[in-house]
Amino acid sequence: MSGFYAGSYARSELYTSDEQQQHRPPPAAHESTTAKTCRVCGDEIEVLESGEVFVACHECGFPVCRPCYEYERSEGHQTCPQCHARYKRHKGSPRVEGDDEDQHYEDDFEDEFQLKNRRILTPPPHEPRHLEHEDYNTDPQHHINGGASTPPVAGSGKDFEAEKETYSNEEWKERMEKWKSRQEKRGLITKSDGGGGHEKDDDDDDFLIAEARQPLWRKVPIPSRLINPYRIVIVIRFIVLCFFFHFRILAPAYDAYPLWIISVICEIWFGLSWILDQFPKWLPITRETYLDRLSLRFERDGESNQLAPIDFFVSTVDPLKEPPIITANTVLSILAVDYPVDKVSCYVSDDGASMLLFDTLSETAEFARRWVPFCKKYSVEPRAPEFYFSEKIDYLKDKVQPTFVKDRRAMKREYEEFKVRINALVAKAQKKPEEGWIMQDGTPWPGNNTRDHPGMIQVYLGSEGALDVEGKELPRLVYVSREKRPGYQHHKKAGAMNSLVRVSAVLTNAPFILNLDCDHYLNNSKAVREAMCFLMDPQIGKKLCYVQFPQRFDGIDRHDRYANRNVVFFDINMKGLDGIQGPVYVGTGCVFNRQALYGYDPPASEKRPKMTCDCWPKWCCCCCCGGKKKSKKAKKKGLKSLLGLGGLYGKKKKMMGKQYTRKTSGPAFDLEEIEEGLEGYDELEKSSLMSQKNFEKRFGMSPVFIASTLKEDGGLPEGTNPTSLIKEAIHVISCGYEEKTEWGREIGWIYGSVTEDILTGFKMHCRGWRSVYCTPKRAAFKGSAPINLSDRLHQVLRWALGSVEIFLSRHCPLWYAYGGKLKWLERLAYINTVVYPFTSIALLAYCMLPAVCLLTGKFIVPSLNNLASIWFMALFLSIIATGVLELRWSGVSIEDWWRNEQFWVIGGVSAHLFAVFQGLLKVLGGVDTNFTVTAKAADDAEFGELYLFKWTTLLIPPTTLIILNMVGVVAGVADAINNGYGSWGPLFGKLFFAFWVIVHLYPFLKGLMGRQNRTPTIVVLWSILLASIFSLVWVRIDPFLPKQTGPILKQCGVEC
C-alpha cells in the first residue's frame, strides 16, 4: 500500500507509483465490545458473579457503578440521581445509617463482620486465588483500541479479569496491595490496618480520583443582573413596536399616499426580521471546559491512552487562488496538534487535481519531520510557522530551555528555505507544459485534465511512514483527489467533503471529524481537547452532532471597515443558539460526530417507567399487556439467536423513517445473509431485518465502508488488509459511487445549496441532535478573510445566494420537518438565515425614500400629535437600550456593533439584492451562476489589499443611493432657504432620514475612493447616469401634483 495510487473503479484501473516508498496506511484497528457505563463517572459497570450487570437502583434502573453507589451511600444523600429513591443495601456493601429499615441480607452478615474487623483472608500463593467479593473489590478495566468509549475513572492500571486465576508471589502481593488501596479510598479499612505509610501520596491519589470524576465542562449562564434587564427591554420594545404599527397604519399620509404605503410595508418587514433575529437570543449561555480533568480521566500514567481518534479534513480547489503556502501552514498546524499522534489523521482534498498541491504536500511532510518536534518540545503557539514567526510578541516569554533561541533561529531558517521551495513550485506551475505535467518517476500526472481524471490517493507519514528527526511517530497525512468524469454532477465542496467522509472511513474510521478550510489553521493546539470535553462526556456526548468553534481572522485592519470579523454573529447570535438546541454549522472549525453525518438519529434518552396506580387490579394489566409483550420479546430473542446476531446489534436508530440497527463489532462484508431465517415472523420484524440490505442502497456498494458505519466507536472492520483498503478507498471516491444512494440527500453534507453548511446542520437538528458552541480563551482557529470591498461583497453574495436556494427548496425551515425534533426558537433562527436576503428589497426601497421626500417636499409621516411623538421616542429609546444591554452581556465593543450595522445596510442594498434575483433565476429559470473563489492572501504591504479596487456590478446600487441622498439633501436645504423659516421644521425629519442612509453607507464610500481617493470612471458614470435619469423622470411625472379635471385654461393673448 506504499506509494501513490490512482485509479477508476468503473474502468477497473489501478495505477501504483513507488515514488513515496516510506508511506504506508494504518493497520486495521481492533475493536472491543462495549459495556454499559456509569452515568455518573463514565466507568464500566461491573458484572456480578451471577452474570448480571450490577443495578444500583431497582426502582428506575439508572446505570450507576458500584464505587459511585458506595460513595453515594456513605458520603452523599443515599438516593438515586434520577428517581431520588433511597438506595437499598446490596450484598457485600457496608451498612450505613438508616439501613435498619431496609431489607437485610442475612447471608452476607459474616462477610460484613469480617470486613468491619479488617480480617483479610488470603489463600496460599500456590493455589488459585478467588476473592469472595471480587465483583465489589475490583473495577474491571475497559480496554479500547482506537475507540471512543469511556474508560474507568478509578481502579488499577492493569486488566483485572476473572480468567486470570493463578499468580506468583509477587503478583499476588501486588494484587493485594491494590485491593487494600481501593478499600482505603472507600473508607472500608484504615491505613494503619493496611500497612500505613505514604499518607501524602494516598491523599494525592484520592484527590486525583475525585477530580477525574468531576464533569468535563460546565454551563456558565449569563448573570441575572445582565440578562434580565435585556429581556425586559426586549418585551417592552415588542409592545412599543405593536403600538407604533397601530399608529402608522391608522394615520396615513394622504398627501404622499404611495410613499406611506411603501414605508409601512418596509417597516412591518423590518419588524418581523427583528423578531426572527431577536428571540433566538433569549437564552444565551457560555461554556467552560476542564482539560485537566480530561487528561486525568483518559490519559493515565501506565495505561493506554483512551482519547478518541479524530480525522481532520482540509478542502481546497485551486492552489493558484488559494496559495499553497497557506494550505501547508494549515496542515503543519494539524500535524503538530497537542493530541496523541496515533489518533490523528489529516486528509487533504484537492478538488482541482493539481500537481502543485501534491508536490506541496510532499515538501510539507518532509518539513513536518523537523517542525512538529520543535513545537512539542517548546510548546509554541500558534503551530503554523508563517504566523508563529510573524507574531510581534516577546517569544522568549515563559521559555526556560537554554537551547530555545538557537533552535528557533535554526527552525526559522529552515522554514524560509521551505517557503523558497514552495515559491519555486508555484512559479513552475504558472505555465503548464504542452505535454502536461510529468511526475518524478517519469509518468504523466493523472490529473492533467482537471475535469476528466481518475481518483488519486497518497499516504504520507503515519505509523509505518517516516519518523521525525527525534525518531518519533508522526500523524498520518493523506492526499485525496476524487475521480471526475464528464457527465457527472460533482456538487462542488459538499461532494468533496462526502468523498473525504468515505475514504477516511475506509482507511482510519475515527469516530470524530474536524473540517477546516485551507486558510484556517489551528491557533490553539489544544482545540481538539476542548471539543472532546463535550463529545466524550458520558452524559451528553452521544447526543451531540458537532461542536462548533467561532471563526477568528488575521490580517484585518484595526477598524474592521467591512465587518469581516463578524463579531456580533459569533459572540451574540451563536451564544443565544447554544442555549436552545445549539449553534448553526458555519462551514469550518467544526468537530463532527461521524454517526450524525451518516443520517442516524441520536440515541433515545432512557425514560423512567411510568408510575402505576392501584385503581386497576394487577391481573388486568397482566392480561391486557403482559402476555403480548412477553411473547414478542421472546420471539425477537429467538429470531436474533436463529440468525446468530445476538450480542452484535446495539440500540436501534431511526433513519429516514425506517428502523436501522447498527452492529457494534465484527465485519459486515456479506449483507445478503441477513435474508435467511425470516420465516414465521410478522411483517414488522421482517421489515426491520430486511432493512439491513438497504444499507447498500443508502451508503453505496462498498462492504468495507458499510461495515465501518456500523461501528459507533470507530476503528476498522476485522479481517481487512492494506491491499483491500486501498482498493476500497479508490472505489468510494469514484464519480459514480453516489448514484442511487442517499448521499447528499440524507447522508453526509447535503446538496442543493452553495451554502451546504447551513443545510447540513439544519438536517441534523431536525433529527433531534444537539450541537455545542465552544469558545476557549485562546481562539481555536484563525483564518484569512477578503478585506477589500469587492471580494467582501462577493463573499456575502455567495452566502446570501445559498440562503435563497434553501428558501426555494423543500428544506426550507418554513415548512420542513414540522413532525421532527427541531425546537421552535431554533426554527426561528433557521428561518432568519434563509429569509434575510429578501430584506434587501425593503431596505433598498426604504433607503430611497429620504431622497424622494427631499426632492418632492412630501413626507411618509403626517403631522405628529403628542401621543404619536411618545411612541416614536419610545421606539427610538428601546432600540438604543436593546443595543446597549446586548453589548453589556456579550462583551462586544460598540465599534464592532456599529460596523456590523453599517455593513448590514451595505450588503443589503448590494450583494443580498443580487442574490435574490440570481437565486430566482437559478431555481426557477435554470440559469446557473459561477462562484469565484475570493483571494486568500494580502499584498506585501500591511493591509495593502484593503485599498485594492476591483470592478463589480455590486457597487452600482449603493453608489446610486449615496448620490441620490446627497442630491436630495442639497435640494431640500435649497428649498427651505427659498420658502423661509416655516419650512425648516418639516425638513429636519427628512434630513435625519437621509443622513441615516449616508452614515450607514460611509464605509462603502471610503472603499470606493481608495487610498488615493480616486474612483474608476465607469462607476461615476453609471451612478450619475442612473441618479440623473431617476431625478428627471420623477420631476417630469411627479405623482403628487393634483390632476386638473376641468377645461385646460391658457393665458389670453390679448392684453385685457
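Some observations on this one:
- Positions within the range 520-563 being acidic (D, E) and either closer than 25 Å to T327 by Cα or in contact with a strand residue (DSSP E or B) (Cβ under 6 Å, 6 or more places away or on another chain) (or both), in sequence order: E530, D554, D557, D560
- Filtering D394, D452, D407 for residues that are open to solvent by 40 Å² or more (accessible area, probe 1.4 Å) and closer than 30 Å to V506 by Cα leaves a single hit, D452.
- Looking at G436, G442, just one residue is open to solvent by less than 40 Å² (accessible area, probe 1.4 Å), assigned to a loop (DSSP other than H, G, I, E, B) and free of Cβ contacts under 8 Å to residues at least 24 places away in the same chain, and that residue is G436.
- Every residue from the range 709-726 that is modelled with pLDDT of 85 or more and closer than 20 Å to R482 by Cα: L725, I726
- For the range 234-265, a residue qualifies if it is β-branched (V, I, T), in contact (Cβ under 8 Å) with a residue 12 or more places away in the chain and over 18 Å from L877 (Cβ atoms), and the qualifying residues are I249, I262, V264, I265.
- Scanning the range 535-544 for residues that are buried (at least 22 other Cβ atoms within 10 Å of the Cβ) and either in a strand (DSSP E or B) or not aliphatic (A, V, I, L, M) (or both) returns a single hit, L544.
- The range 299-322 residues that are of a type in the set (S, T, Y), paired with ones that are open to solvent by less than 50 Å² (accessible area, probe 1.4 Å) and in a loop (DSSP other than H, G, I, E, B) (beta carbon under 8 Å, 6 or more apart): S304/I144; S315/D351; S315/C518; T316/E322; T316/D351; T316/G352; T316/C518
- Output for the range 532-559, where each listed residue is touching a Pro at 6+ places or on another chain (Cβ under 6 Å) and under 18 Å from L307 (Cβ atoms): K542
- Residues that are closer than 30 Å to I580 by Cβ, open to solvent by 40 Å² or more (accessible area, probe 1.4 Å) and outside any helix (DSSP H, G or I), drawn from the range 277-319: W282, L283, E288, Y290
- The residues on offer are S771, S869, S790, and the sole one that is polar (S, T, N, Q) and crowded, with 22+ Cβ neighbours inside 10 Å is S771.
- Test: residue in the range 499-513 that is outside any strand (DSSP E or B), out of contact with any Gly (no Cβ under 7 Å at 6 or more places or on another chain), open to solvent by 30 Å² or more (accessible area, probe 1.4 Å) and not aliphatic (A, V, I, L, M): no
- All positions within the range 876-891 that are in contact (Cβ under 8 Å) with a residue 60 or more places away in the chain, surrounded by fewer than 16 Cβ atoms within 10 Å (Cβ to Cβ) and among the aliphatic types (A, V, I, L, M): I879
- Of the residues making up the range 774-787, those that are part of a loop (DSSP other than H, G, I, E, B) and either open to solvent by 10 Å² or more (accessible area, probe 1.4 Å) or within 24 Å of G925 (Cα to Cα) (or both) number 6.
- Summed over the range 793-824, residues that are over 23 Å from the mean Cα position of the chain (by Cα) and part of a helix (DSSP H, G or I) total 2.
- D468 in contact with a Gly (Cβ under 7 Å, 6 or more places away or on another chain), within 26 Å of P385 (Cα to Cα) and surrounded by fewer than 24 Cβ atoms within 10 Å (Cβ to Cβ): no
- A count restricted to the range 314-341 and to residues that are at pLDDT 90 or above and over 21 Å from F367 (Cβ atoms) stands at 2.
- The range 586-600 residues that are closer than 15 Å to F705 by Cα, paired with ones that are surrounded by fewer than 23 Cβ atoms within 10 Å (Cβ to Cβ) (beta carbon under 6 Å, 6 or more apart): G599/M655; G599/E746
- Condition check for P25: within 35 Å of the chain's Cα centre (by Cα), in a loop (DSSP other than H, G, I, E, B) and either modelled with pLDDT under 65 or under 30 Å from E739 (Cα atoms) (or both): yes
- Residue pairs meeting the criteria (Cβ under 6 Å; at least 6 apart or on separate chains; first in a helix (DSSP H, G or I), in the range 900-922; second small (G, A, S) and crowded, with 23+ Cβ neighbours inside 10 Å): N900/A563; F903/A563; G908/S840; A911/A800; H912/A800; H912/S840; L913/S840; A915/A800
- Residue selected from the range 226-276 under the condition among the polar types (S, T, N, Q) and touching a helix residue (DSSP H, G or I) at 6+ places or on another chain (Cβ under 9 Å), by the criterion surrounded by the fewest Cβ atoms within 10 Å (Cβ to Cβ): S273
- Cβ-Cβ under 8 Å pairs, at least 6 apart or on other chains, the range 710-721 side within 14 Å of Y598 (Cβ to Cβ) and open to solvent by 30 Å² or more (accessible area, probe 1.4 Å), far side at pLDDT 85 or above and not polar (S, T, N, Q): E712/P511
- Residues that are open to solvent by 30 Å² or more (accessible area, probe 1.4 Å), of a type outside the set (D, E, K, R) and touching a residue at least 60 places away in the same chain (Cβ under 8 Å), drawn from the range 857-866: G857, F859, P862
- Enumeration of residues in the range 692-726 that are within 19 Å of Y5 (Cβ to Cβ) and out of contact with any helix residue (DSSP H, G or I) (no Cβ under 9 Å at 6 or more places or on another chain): N721, P722, T723
- Residue check, L843 open to solvent by less than 10 Å² (accessible area, probe 1.4 Å), more than 26 Å from D578 (Cβ to Cβ) and in contact (Cβ under 8 Å) with a residue 60 or more places away in the chain: yes
- Among the criteria (1) at pLDDT below 90; (2) surrounded by 19 or more Cβ atoms within 10 Å (Cβ to Cβ), the one E942 does not fulfil is (2).
- Some residue of the range 809-816 being without any contact (Cβ under 8 Å) to a residue 40 or more places away in the chain and of a type in the set (A, V, I, L, M): yes
The values are calculated or read from the model by the stated rules, or taken from the named source; none is laboratory data. Because the structure is predicted, anything quoted here is derived from the model rather than measured. We place every Cβ from the backbone using ideal geometry, glycine too, and count neighbours over all the protein chains shown. These area figures cover heavy atoms from the full protein model, side chains too; ligands, DNA and RNA do not enter into them. Shrake-Rupley method; radii C 1.70, N 1.55, O 1.52, S 1.80 Å.
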